[in-house]
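**Q** Pasting a structure below so you can have a look.
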Amino acid sequence: MSSQRRGVNWSVSEDIALCKAWVKISEAGAIAFSQGDNCFWGRVHDTFSQNSQTVLRTRDAVESRFKTINRQCCLWKEYMRKATTTSPPGFKMMDVEYQAKVLFRHDNNDKPFKFDHAWHVLHTCQKWYHQNEPLPALTVTPPSHNSITLDVDSSSNSPSNDTSGSIQHPGSRDKQRVDRKGKEKMPRMDLVIKEHFDQMIKQGEESGKKRYERYDDLHRRAMESEIRKNNVDIVTMDLSKYSPRKKKWLEEQQNAIMNDTQDQ
């Protein structure tokens, strides 16, 4: 049997508090990162501890947990991106999220995505959203007739001592403009996807509000129906079997109900 005991499982509220702490420290500017990784996670731990009073967590536990959350949310972002870009026009964002969940389970041994609560905090943070983007693959451009050859060691005439490099010609202004537009496409696409995510959350909130309003309306109608039933029972009640005191009170109730009915 292992001598180390497993810690208490993280709760949803702790995950949310941790993500909010990470976002707060990350958005504080370059100060947190300039002080080193240990200092950064120390500040995240302090902020998390101030807002979570359930279980005491160590700095290492906080860092480890966030790495797990971050890895899962980055994976989920790709599934949301895939579902968003492949969905037909007019597809509701809640349907996009459902499609992403189907794809996620299919590719992960039928395991569901368990960090929706963390995702809704992190994906709205621009720093998190962009710093977790995959880096573009580096490509090496072979020398062409537009290349300028530089003789690094001009004092030596021996071919074995020649060291040369090439600087690619920038090309025409039209080509530079096309390249520049191509580089701008990815951030713009990310903004479009992020807008879809925000719209999805907004639709979810509106849907929840409508469900609550429907529930409130049904509850109000049920209460009104119960009151009407009780009023009918009181009005049709046989008062002869009650004591004079109780009979007097019931007569007052009957009169009040009849007056209210006439007013309506």
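**Q** Got a sec? How would CYS125, CYS39 order by Cβ neighbour count within 10 Å, fewest to most?
**A** So the ranking, lowest neighbour count to highest, is CYS39, CYS125.
**Q** Arranged by the count of other C-beta atoms within 10 angstrom, fewest first, what order do ARG105, ARG214 take?
**A** Lowest count first: ARG214, ARG105.
**Q** Output the pairs from LYS67/LYS111; LYS127/LYS210; LYS114/LYS210; LYS24/LYS210 with a Cα-Cα distance over 29 Å in this structure; if there are none, say none.
**A** Checking Cα-Cα distances, LYS127/LYS210; LYS24/LYS210 exceed 29 Å.
**Q** Additional query: When a/c reaches 1.5 or more, the comparison of a/b and b/c decides; with that in mind, is segment 12-131 rounded, prolate or oblate per its Cα gyration tensor?
**A** Judged from the Cα gyration tensor, segment 12-131 comes out prolate (a/c at least 1.5, a/b above b/c).
**Q** While we're on this one: Starting with the fewest neighbours, write out PHE48, PHE66 ranked by other beta-carbon atoms found within 10 Å of each beta-carbon.
**A** PHE66, PHE48
Coordinate-derived values only; no laboratory data. As the structure is a prediction and not an experimental result, all values here were calculated from the model. Backbone-built Cβ (ideal geometry, glycine too); neighbour counts: all protein chains shown.
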